[in-house]
1. Give, as a single signed number, the net charge of other residues whose beta carbon lies under 13 Å from the beta carbon of Arg133, with Lys and Arg counted +1 and Asp and Glu -1.
2. Straight-line reach from Lys88: which lysines fall under 23 Å, measuring Cα to Cα and dropping same-chain residues less than 8 apart?
3. Along the charge dipole of the chain, pointing to its positive end and built from +1/-1 on Cβ of Lys, Arg, Asp and Glu, which listed residue (Ala24, Gln147, Pro50) has its Cα farthest out?
4. Taking 0.36 nm per residue of sequence separation and subtracting the Cα-Cα distance, how much length would be gained by fully extending the chain between Asp54 and Arg77, in nm to one decimal?
5. With unit charges on the beta carbon (Lys/Arg positive, Asp/Glu negative), name the residue among Gly70, Gln123, Ala108 whose Cα is farthest towards the positive pole of the charge dipole of the chain.
6. Where does each of Asp166, Asp76, Asp115 land when they are ranked from fewest to most other beta-carbon atoms within 10 angstrom?
7. Loop-only trypsin sites (Lys or Arg not before Pro) in segment 29-96, please: DSSP not H, G, I, E or B, and at most 12 other Cβ atoms within 10 Å.
8. Only helical DSSP H runs with n ≥ 4 go in: add -39500 (n - 2.57) per run for the chain, normalise by residue count and round the 222 nm mean residue ellipticity to 500 deg cm²/dmol.
Amino acid sequence: MALPAGRYALEGRITLRTARDGLAAQAGHDLTIDIGQWSGDLVVGADLAPASLDVSADLGSLVVRAGTGGIKPLTDRDKREIISTARKVLSVDRHPDATFTASRFSPAEDGGTIDGTLTLAGQSGPLRLTVSRTGPEQYRATATVRQTSFGIKPYSGFLGALRVSDPVEVEAEVAIR
């Protein structure tokens with residue numbers, strides 16, 4: 001069932017998933033990081049088609065939820081250090097928010113795609129979200145963001161032997177209110 005015309009707030013969870021790379025990859029962790037504070041605004045036009053979608057995410061609100069793999073489990077100290085490093089890598093002091101503005105909606109039976117512009121670390125580029133319906137007025141959107149496409153040099157340690165892979169998987173579980 002289509003949403004009636006109007007403005008809707010999105011709520012839910014945005015999760016980032018990183019992978020490790022390099023000769024010492026087994027020493028690192030694949031990370032699951034949530035964006036703690038974000039907002040989304042969807043407008044449905046009189047023709048009952050999506051007219052606009054704007055999302056803003058506070059990159060200062062990142063929270064490490066899990067780390068898999070690695071030689072040892074993540075400690076709370078490790079999680080704090082990861083967030084500190086992520087803030088530096090993403091230039092959060094200069095660019096505290098990431099934004100997404102939709103430019104084209106391609107609906108399908110139970111989802112579709114949304115094309116738009118992602119602005120991250122002060123640079124903008126195209127991003128396609130693949131959307132699937134997970135329940136009444138509930139959706140899951142996924143995308144892959146290549147850090148280097150936004151001028152971000154992925155984290156590396158141990159003289160480059162341990163690296164965060166360039167692609168980061170993004171997943172949003174949202175409810176429309």
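1. Numbers: positive: Arg140; negative: Glu109, Asp110, Glu137, Glu173.
Net of charged neighbours comes to -3.
2. Counting by Cα, and skipping residues close in sequence, Lys88 has these lysines nearby: Lys79, Lys153.
3. Positive-end residue among those listed: Ala24.
4. Details: separation 23, 0.36 × 23 = 8.28 nm, distance 3.44 nm.
Gain in length upon complete extension: 4.8 nm.
5. Gly70
6. Numbers: Asp166 17, Asp76 8, Asp115 13.
By the 10 Å Cβ count, ascending, the order reads Asp76, Asp115, Asp166.
7. Values: sites: Arg65, Arg77, Lys79, Arg80, Arg87, Lys88, Arg94; in loops: Arg94.
Sparse-neighbourhood loop trypsin sites (Lys or Arg not before Pro): Arg94.
8. Numbers: 1 runs with 14 residues, N = 177.
That calculation yields -2500 deg cm²/dmol at 222 nm.
Rule-based calculations on the coordinates, nothing more; no lab input. Small disclaimer: the values here were computed from a predicted structure and weren't measured. When we count neighbours, we look across all protein chains shown, and the Cβ atoms used for this are built from the backbone with ideal geometry, even at glycine.
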